[in-house]
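Have a look at the structure below, then the notes.
The values are calculated or read from the model by the stated rules, or taken from the named source; none is laboratory data. Because the structure is a prediction, the values reported are computed rather than measured. A quick note on method: Cβ atoms are made from the backbone with ideal geometry, for glycine too, and the neighbour counts reach across all protein chains shown.
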């Protein structure tokens, strides 16, 4: 895994000095080396930059950019099945000079063109300048594990693994997309393909783009769609056979993620997903798998004791690290640099901490993300399945009365529950469901932090809703449930734009390669066709994953409430982080900035300080935006 950057400049004004400046902002992603390539054509100047984190083929043979015939490449990620593809190409007469997957990509593209990506199992962003065809080709992996930002205006195309690389080019205009900012305030991230800046975009997962240098035409095309799997007929398979086949497939996917020429470890939280990864890898490995867990006891974040028991039972080489709340808080000022587009998932803090301790022993770490999206693990899925229809069946006048009462009684006044994880935000979401219990609103209320009304009151100017994958109508299989709908939407939105972005920036901030074994495309293509009761069975979430894990770990070790990787945001914002809140939500700062309605900001802030702790998430979203703004708009 690495960092890439580059340009296609039809004005021919960009030189190597600018390319180096862009690329070196990504040095944390690839501390093992850097490389550059400048290619001149009649139509444009093309530049490729690369920061290398050496994982496969540690020799110079793995350096980039690379060239084969008239093809030039800069590439971020890993192709796990590159050895099999290499054998197929050798059978066709191709000769190789290294052991790197980068060289295999070049030869595969030379042999099969754009269709080569259909053969890849991996996480990747690939950019190829096809000199003979005078085209630039760029693609992003199916799930969106690897990030790809681009900017396209006035004959200038810029790209990079992180937005900060693009901002270094003098032709990049930092104009905030106010509609994208509004979407951020709803979701805690800017949904793809949008970006916080006008004329900047994210390439969507499962898409590639091409630029024809002769015509200056840029086109995007989807090469993989999760709905193709969800719309296939449900498999007619017994539960025992489904368990056997799922375990075989997961074992294959997990083993592929161990392909490396450097040490590999696993993030072990003690939950079902990470325990599944660890158990299946350890059973097939004669050496002890390295596992890592972090605990922040004084912040209420401590799954370490559970993980230690699981690691001991499986026989891994386990490292647990306890950090203080002070160490966790010290991460906060660093977030705007690494998350260079507004980002509000507070679990970025513990994810960064565990990445730091893992990097001391390994260069690659496997994370168990996506198990929830694929196998129905989120508590909100459980809520919808248990209560969605019941709420819809409550007479309208009763729902509206309940919502009005909840408006009058803050979440903090509800004894016992007010101390539970995320109770305050869930209280607010339930209130919106009482007001409108449609399936679409159920999904949105479970997903977004602010309503359309909240957004209208927050911003000084009128904002418009942006088109996102939340609006998809592609689920057409007869018999699909609201749960299928939510999982498919989450796979295209929350997963790539929140979870995967969080893990990518956190791991790469310390030069650690994060791998996502559940995101082998074969897993979702299989799981989407399984009967829904194999995933959600009578209130039992992730049913089939639990059945697999229980083969290797006693049920009494595993059965406990889902903790989540959260932090006590309300407490922090009222105490340790209060100076940040006061600074960045200051009336003068807001007025000078000119984005938000000052009176509304002050109302939210003061009510939070006066005990409306359910507004902590809104305050956190605002704080993360303001800190980002100060870093990239005021000081850069």
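In table form, for the structure just shown:
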quantity: Boolean, residue 304 is over 18 Å from residue 504 (Cα atoms), surrounded by 17 or more Cβ atoms within 10 Å (Cβ to Cβ) and either modelled with pLDDT under 90 or in the same structural domain as residue 625 (by TED's automatic domain parsing) (or both); calculated: yes
quantity: Among residues of segment 234-271, those that are part of a helix (DSSP H, G or I) and either modelled with pLDDT of 95 or more or surrounded by fewer than 18 Cβ atoms within 10 Å (Cβ to Cβ) (or both), counted; calculated: 17
quantity: Yes/no for residue 611 being within 22 Å of residue 426 (Cα to Cα), touching a residue at least 12 places away in the same chain (Cβ under 8 Å), surrounded by fewer than 21 Cβ atoms within 10 Å (Cβ to Cβ) and not assigned by TED's automatic domain parsing to the domain that holds residue 503; calculated: yes
quantity: Condition met for residue 473 (free of Cβ contacts under 8 Å to residues at least 40 places away in the same chain, out of contact with any strand residue (DSSP E or B) (no Cβ under 6 Å at 6 or more places or on another chain) and not assigned by TED's automatic domain parsing to the domain that holds residue 184); calculated: yes
quantity: Inter-residue pairs, beta-carbon under 8 Å, first under 15 Å from residue 71 (Cβ atoms) and outside the structural domain of residue 73 (by TED's automatic domain parsing) and in segment 85-104, second crowded, with 16+ Cβ neighbours inside 10 Å and at pLDDT 95 or above, 6+ apart; calculated: none
quantity: Residue that is farthest from residue 344 (Cα to Cα), among those in segment 195-227 that are free of Cβ contacts under 8 Å to residues at least 60 places away in the same chain and part of a loop (DSSP other than H, G, I, E, B); calculated: 215
quantity: Residue list for segment 503-531, filter: part of a loop (DSSP other than H, G, I, E, B) and closer than 23 Å to residue 52 by Cβ; calculated: 509, 510, 511, 512, 516
quantity: Some residue of segment 198-209 being assigned by TED's automatic domain parsing to the domain that holds residue 360 and closer than 30 Å to residue 99 by Cβ; calculated: no
quantity: Selection count where residues are farther than 20 Å from residue 133 by Cα and surrounded by fewer than 21 Cβ atoms within 10 Å (Cβ to Cβ), scope segment 57-83; calculated: 8
quantity: Selection status of residue 192, in contact with a strand residue (DSSP E or B) (Cβ under 9 Å, 6 or more places away or on another chain), part of a loop (DSSP other than H, G, I, E, B) and within 23 Å of residue 490 (Cβ to Cβ); calculated: yes
quantity: Criterion (outside any helix (DSSP H, G or I), under 30 Å from residue 361 (Cα atoms) and out of contact with any strand residue (DSSP E or B) (no Cβ under 7 Å at 6 or more places or on another chain)) met by exactly one of 500, 553; calculated: 553
quantity: Residues that are assigned to a loop (DSSP other than H, G, I, E, B), crowded, with 17+ Cβ neighbours inside 10 Å and touching a strand residue (DSSP E or B) at 6+ places or on another chain (Cβ under 9 Å), drawn from segment 94-110; calculated: 100
quantity: Total residues in segment 1-46, condition assigned to a loop (DSSP other than H, G, I, E, B) and either closer than 30 Å to residue 366 by Cα or touching a residue at least 12 places away in the same chain (Cβ under 8 Å) (or both); calculated: 17
quantity: Test: residue in segment 456-467 that is surrounded by fewer than 19 Cβ atoms within 10 Å (Cβ to Cβ), within 30 Å of residue 229 (Cα to Cα) and in contact (Cβ under 8 Å) with a residue 40 or more places away in the chain; calculated: yes
quantity: Matching helices (runs of 4 or more DSSP H) fully within segment 379-436 where at least 3 residues are in contact with a helix residue (DSSP H, G or I) (Cβ under 7 Å, 6 or more places away or on another chain) and modelled with pLDDT under 75; calculated: 423-435
quantity: Residues (at pLDDT below 95, in a loop (DSSP other than H, G, I, E, B) and touching a strand residue (DSSP E or B) at 6+ places or on another chain (Cβ under 8 Å)) located in segment 49-76; calculated: 53, 54, 55, 56, 63, 64
quantity: Which listed residue, of 436, 441, is under 27 Å from the mean Cα position of the chain (by Cα), without any contact (Cβ under 8 Å) to a residue 24 or more places away in the chain, surrounded by 14 or more Cβ atoms within 10 Å (Cβ to Cβ) and farther than 28 Å from residue 519 by Cβ; calculated: 441
quantity: Among residues of segment 111-132, those that are closer than 20 Å to residue 157 by Cα and either surrounded by fewer than 16 Cβ atoms within 10 Å (Cβ to Cβ) or without any contact (Cβ under 8 Å) to a residue 24 or more places away in the chain (or both), counted; calculated: 1
quantity: Verdict on residue 626 being more than 21 Å from the chain's Cα centre (by Cα), surrounded by fewer than 21 Cβ atoms within 10 Å (Cβ to Cβ) and assigned to a helix (DSSP H, G or I); calculated: no
